[in-house]
Structures are given as C-alpha cells and as structure tokens.
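The values are calculated or read from the model by the stated rules, or taken from the named source; none is laboratory data. Please read all numbers here as calculations on a predicted model, not as lab measurements. Ideal geometry is used to build each Cβ from the backbone, glycine not excepted, and the neighbour counts take in all protein chains shown.
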Amino acid sequence: MEKSFAVNGKATSTLRNYLRCLAHLAIYYKCSPEALNEEQINDYPYHCRNLHKTPSESFFKHTIYGLRAAYKVLGMDKKRIRLPQIKRQKDLPVVLNKREVRELLKA
C-alpha cells in the first residue's frame, strides 16, 4: 500500500490512518483484513458503535476507505464495501451580531 500511495501522490498521514484502522479491524477478528468475508466487514461498524458511544465519522471512513485501498492493491476489487450511514449534525452555528461581537471583544 505504501508504494501505491507514494506513486499516486497520496498523503502519508492518510496511509497511517488507514493502516491504524485496519490494524484495529485485524486485532478484533484476529486475522488479516484480506481474509474477512462481507458479513464480518459489515458487522464491524456495529461492534464499534457498541464499543464506543459515539465513534467518529472519520474512524468509519478511514476503516472503509482503508479496506477499499488494501483490496485494490491486493487485486481484490470484487469485494464491495459500503460506508455505513452516519447521522450528521444538522444544527446551524450561532452567529453573533456586531453588538455581541463588540461586547465579547471588550470582555
């Protein structure tokens, strides 16, 4: 994977994140990610949800995209992996008006 990322100009931090998430997956199943079947891959996000109350969206993305990248490098393109539905926060940020900003800066 390292060679593939270097050739394609992808960031080493992305590779590190992918590999870290794949390591968690391999430790959980006690086998290489290439040996996992589709059911195991789809059950893993459920395990993460139960393990952590609020697993991050980036953790899921790095795990799924890491698997996709690994399978591509290994020539296992036929393994289709989909990203689980992730609820996103829909709240709008609080925007201060000019007076509130002035008061904040004075404090």
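Descriptive notes on the structure:
- Single match in PRO55, PRO45 (criterion: assigned to a helix (DSSP H, G or I) and at pLDDT below 85): PRO45
- Selection from segment 30-62 of residues that are surrounded by fewer than 16 Cβ atoms within 10 Å (Cβ to Cβ) and hydroxyl-bearing (Ser, Thr, Tyr): SER32, TYR46, THR54, SER56, SER58
- If you filter segment 79-106 down to residues that are assigned to a loop (DSSP other than H, G, I, E, B) and either β-branched (Val, Ile, Thr) or under 21 Å from ASN8 (Cα atoms) (or both), you find that the one that is modelled with the highest pLDDT is VAL95.
- All conditions but one from (1) part of a helix (DSSP H, G or I); (2) modelled with pLDDT under 80; (3) loosely packed, with under 15 Cβ neighbours inside 10 Å apply to ARG20; the one that does not is (2).
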